[in-house]
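Student: First, the structure itself, so that you have it in front of you.
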Amino acid sequence: VPVGTPIRNVAHFSYSLGGEVLTIPSDTTLTVVSAGALLTIEKSIDATVLTPGDTAVYRLQIRNTGNTASAAFTLRDSLPNGLQYLASDPQGTVNGQRVEWQFGALAAGDVQLVQLSARVEPDLLPGTVVSNTADLEGDDGTILVSNAAAFEIGELADLWLSKTVNLSYAELSD
């Protein structure tokens, strides 16, 4: 809906009295569409079960569903204990477990994508659920928190291979 468009709203109340249906309208309320950016943030992960040594790949999607460009904003992701930062696209600034990105204005209808990879460390026990959120801070100090993206630490397989030989000499097709 274009900025400046007036939207009129009227409610009607109907009731029956003595077999006659009567309708009473409310006062008209007028709302004018104003300009504004509206950022949303979603977070996902590529797997629901990971084992130590695996790589967790998070995807963040920042969308401007408003009708004007947003102001600059900061995206932050604090990795939980048990995850070691590997890389991100675009490259963020890493400080310990925290990764931060600075973005300029996001046009109305545009999307900013971020991918973050982290290694699952060996000290996480099977059954542990690792949950992570990110937050977005606008230049006005408003903070939006993403949904949680979670995975569970699965069991490592105990595999071994054993081979025995019962011949002292083998031919080509043995």
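The values are calculated or read from the model by the stated rules, or taken from the named source; none is laboratory data. Because the structure is a prediction, the values reported are computed rather than measured. When the accessible area is computed, the model is the full protein with side chains, heavy atoms only, and any ligands, DNA or RNA have been set aside. Shrake-Rupley method; radii C 1.70, N 1.55, O 1.52, S 1.80 Å.
Student: In whole angstrom, note down how far apart the Cα centers of the range 73-147 and the range 1-68 are.
Tutor: With the range 73-147 and the range 1-68 each reduced to a Cα centre, they are spaced 26 Å.
Student: Accessible area of the chain with a 1.4 Å probe: how many percent of it is carbon plus sulfur?
Tutor: Looking at the chain in its full context, I get 53 percent from C and S.
Student: Here are several values of percent of Cα pairs over 20 Å apart: (1) 67; (2) 52; (3) 64. Which one was derived from the coordinates shown?
Tutor: The value matching this structure is (1).
Student: Could you work out the relative contact order of the chain? I mean the mean sequence separation of Cα pairs under 8 Å and 6+ apart, divided by the number of residues, in percent.
Tutor: 23 percent
Student: Given 0.36 nm per residue, what is the gain on full extension from residue 173 to residue 86 after removing their alpha carbon distance, in nm?
Tutor: On the way: separation 87, 0.36 × 87 = 31.32 nm, distance 4.83 nm.
Answer, rounded to one decimal: 26.5 nm.
Student: Quick one: accessible surface of residue 155, probe radius 1.4 Å, all protein chains present, in square angstrom to the nearest 10.
Tutor: My reading of the accessible area for residue 155 is about 140 Å².
Student: Right, something else. Please compute the per residue accessible area over the chain with all protein chains in place, 1.4 Å probe, rounded to a whole number of Å².
Tutor: Per-residue value: 65 Å².
Student: Of all DSSP beta bridges located in the chain, what percent are antiparallel, nearest 5?
Tutor: Counting DSSP beta bridges with both partners in the chain, the antiparallel share is about 95 percent.
Student: Just check the range 75-161 against the gyration tensor rule for me: Cα atoms, a ≥ b ≥ c as the square roots of the eigenvalues, rounded for a/c under 1.5, and otherwise prolate or oblate depending on whether a/b exceeds b/c.
Tutor: On the way: a/c = 2.55, a/b = 2.38, b/c = 1.08.
Since a/c reaches 1.5 and a/b is larger than b/c, the shape of the range 75-161 is classed as prolate.
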